[in-house]
Amino acid sequence: MFRLQGSKVLAVDMTGDGVKAKNGSMVAYDGQMTFKKLTGGGEGIRGMVTRRLTGEQMTVMEVKGHGTCWFADRASEINLVSLQGDKLYVESSNLLATDAGLRTGTTFTGLRGASQGNGLFTTTVEGHGQAAIMSDGPAVVLRVSAQYPLTVDPGAYVAHQGNLRQSFQSGVTFRTFMGEGGGEAFQIRFEGDGLVYVQPSERNTIAGDL
C-alpha cells in the first residue's frame, strides 16, 4: 500500500481503503478520492486534551478512495516503518502518514527538566500496518541492546520502537561543546532492546536545550 517514489515522496495505492496523513501533505492524486479533516491527532478525548495541554497541535486528514495519492512535506526525507502489533513512538512533527487501521494517540514519556517540571508527550502509533515518518536529511536507524544503551540529542530524535526504556538526563549536550548551548541542557537515554531513528539535523525549537 505504501511505497516511496524517490526518497521524498510517498505514494499510497488505495482500493477503497484509507490512510491518515498530515493535513496539507497531499501533492497529487488520481482516481476517486474523498478527504476528511480530523482533529486532535490522537483518538478519543484523552488525545485531544493532551494536545491542548501541551500546546502541540497536530491536524490530520483521512483520505479514502480508489487510485493513488502522493504525499510530501517540505522536501523531507521519508522512511517507511512496518508495525506487526507493536508500538511506534514518534515526534508529531515527524509523522507523515499511517494506515487508517493503525491507532494513534499520545503518551507521557518523562520530564524535560527537573527544575522546570515540564512534561514531554510523544505521539504513538500501534497495530498492524505501515507508517511513514519524516526526517530532516536521511534518517539513521540505530539499534539499542542490553550491552549497548544509546544516548541521543533531543533535537536529532525522530522516533523509536521496541522494548526500550527512555529516560532524560541533565548535563552537557553535544551543542554545548560548540558553545551554542543555552538554558537547561539534557539528553535522552535509551536502554533495552529496540530501534531509534535519528536525523542528521537538529530542530531549532529544541536543539538539546530548554
Cβ-Cβ cut-off under 10 Å around residue 73, Lys and Arg +1, Asp and Glu -1: the net charge is +3
Of 165, 74, 103, ordered by accessible area with the largest first and a 1.4 Å probe, the sequence is 74, 165, 103
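Whenever you get a sec, line up 197, 89 from highest to lowest accessible area (probe 1.4 Å, protein heavy atoms).
Result of the area sort, largest leading: 89, 197.
The values are calculated or read from the model by the stated rules, or taken from the named source; none is laboratory data. A quick note: this is a predicted structure, and the numbers were derived from the prediction, not measured. Backbone-built Cβ (ideal geometry, glycine too); neighbour counts: all protein chains shown. Remember, those area values only see protein heavy atoms, side chains included, never the ligands or the DNA or RNA. Shrake-Rupley method; radii C 1.70, N 1.55, O 1.52, S 1.80 Å.
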